[in-house]
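Note sheet for the following structure.
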Amino acid sequence: NKVRANGQVGVNVKEQARPLIQNNEISENSEGGLLAEGQSRTEVQGGSVENNAGRAGLCVREEATLRVSHCTVLAGPDGRQRAGVLLVDEAKAVVESCTVKGHRAGNVVMADSSVGALMDNVLVGGGVGLKLDGQASATVRHNTVREGEVANVLLVGQAQLRATDNTLCGAGGAGVRVQGELCILTGNRITDNSEAGVWVEGTGRAEMRLNCVSGNAGGGLHIANTRTKLRSNLVYRNGGVGLTLECPGAPVVEGNTVVAGPGAGVRALAMDGQVDLEQCTRNAVEASEGDFATAARQRALRRNVVLRSKGQSAAAIARALDAIQSAQQTARVVVAMPDGALALGEGDSQSEKRTAKRRGAK
């Protein structure tokens, strides 16, 4: 079916309706493609949503819930569709195996107290791949987010993000820019972005573990936040400084491998004078004696491994890649879905799944 060229929204789901919308083309409507509101529960399977005017192709608001899968959501040739998927108020959504492309306000935008889960999607171009604002929270797994003009992922306000095993590449700005309340990045590939791979600022909490950060023109990790924990990440071959610490206090930096990029004068490590390295341990890092000039930093140097040759650096990179791949193969990840249920990652036993289901019901 085709739902197109209406003077208002293409499809409006209200109150407690529970429709299933399959393999429809929703396009060129004047006030958006689909609007779900009230306490409705809408499922969209397949089809396309493109070139609708108004706020978004798919807009979910109030207490409505949307599950969309195997759908193509496109801004259209003239960019009339400002956002791809928009969640506001207390809306909830699961977006799975979709392609969302070219929206200048963001391919997936979440605000207020909305909750979302994104799995196995491709988000391409536009202003931002995924934007979280207000008190929005999202669980993001196995997605490719690329070529956002401002950033691939942007957190502001009190937003919270848990992102596991995603590819975040090719942004016009940072791969991930964190100004929100909580950002947990685990096992992601953050590569080839025009600014830093990850830029953290503000007063929120950021935790990064087992991420591979490489090929970013503006540097690898830029940390301007004391409440950051970096564990077992690989940072190498970036165009700017591999790891920049410019936060007063003592960030947790443990077990990371940080290697300089290939350009002349590109450093692996840069630190503000106020950084306390008391919790900087077991890292393998290319660094000079000048990076650890003070007595306190000399003590920190003894708790870390300094890579002094290209051969040592290459070996450290190989070890870190092996460790990341091994951890990803054995990881069991519990994902909180918008309806309160828990889903475990591949390879988990049936008994573990039943245990997670019972816990989710409490």
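Modelled this way, with points 7 Å down the Cα-to-C-beta line, the labels at Asn23 and Ala327 are 4.4 nm from one another. Classify the chain: rounded, prolate or oblate, from the alpha-carbon gyration tensor (a ≥ b ≥ c, eigenvalue square roots; a/c under 1.5 rounded; otherwise prolate if a/b is larger than b/c)? Verdict is prolate for the chain. Lys-Lys pairs in the chain that are eight or more residues apart or on separate chains and whose Cα atoms lie under 18 Å of each other come to 4.
Measuring only protein heavy atoms, the 1.4 Å probe finds His103 accessible over about 0 Å². Inter-label distance, Asn12 to Lys229: 4.8 nm, where each label sits 7 Å from its Cα along the C-beta direction.
Here the gap between Ser194 and Ala318, fully extended at 0.36 nm per residue and compared with their Cα-Cα distance, gives a gain of 42.1 nm. Between Thr72 and Arg104, the FRET efficiency estimated from the beta carbon spacing at R0 = 25 angstrom works out to 0.90. Taking other residues whose beta carbon is less than 12 angstrom from the beta carbon of Gly249, and scoring Lys, Arg as +1 and Asp, Glu as -1, yields -3.
For Lys229, the amide hydrogen comes within under 5 Å of the amide hydrogens of Ala206, Glu207, Met208, counting only partners 5 or more places away or on other chains and with H modelled in the peptide plane. When a/c is below 1.5 the answer is rounded, else prolate if a/b is larger than b/c, else oblate, so apply that to the stretch 48-183 with a ≥ b ≥ c taken from the square roots of the Cα gyration tensor eigenvalues. Rounded, because the longest to shortest axis ratio a/c is under 1.5. Would you mind classifying the stretch 1-43 by shape? Square roots of the alpha carbon gyration tensor eigenvalues, ordered a ≥ b ≥ c; an a/c under 1.5 is rounded, otherwise it is prolate if a/b is larger than b/c and oblate if not. Oblate, since a/c reaches 1.5 and b/c is not below a/b. Extension gain, Glu31 to Gln158: 0.36 nm times the residue separation minus the Cα-Cα distance gives 42.8 nm.
The GNM of the chain, with springs linking C-alpha atoms under 10 angstrom apart, assigns the highest mean-square fluctuation among Leu132, Leu154, Leu20 to Leu20. Taking label positions 7 Å along the Cα-Cβ direction at both Thr203 and Val266, the computed distance is 3.6 nm, reported to one decimal. Where is the GNM fluctuation largest for the chain (alpha-carbon springs, 10 angstrom cutoff): Leu307, Leu221, Leu118? Of the options given, Leu307 has the highest mean-square fluctuation.
For the chain, complete DSSP H runs whose alpha carbons reach 15 Å or more along their own long axis and whose mean Kyte-Doolittle score is -1.0 or higher are 310-330.
The values are calculated or read from the model by the stated rules, or taken from the named source; none is laboratory data. Remember, it's a predicted structure, so these values are computed and weren't measured experimentally. Quick reminder, even Gly has a Cβ in these numbers, built from the backbone with ideal geometry, and neighbours come from all protein chains shown. Side chains are part of the model used for accessible areas, which takes the heavy atoms of the whole protein and leaves out ligands, DNA and RNA. Shrake-Rupley method; radii C 1.70, N 1.55, O 1.52, S 1.80 Å.
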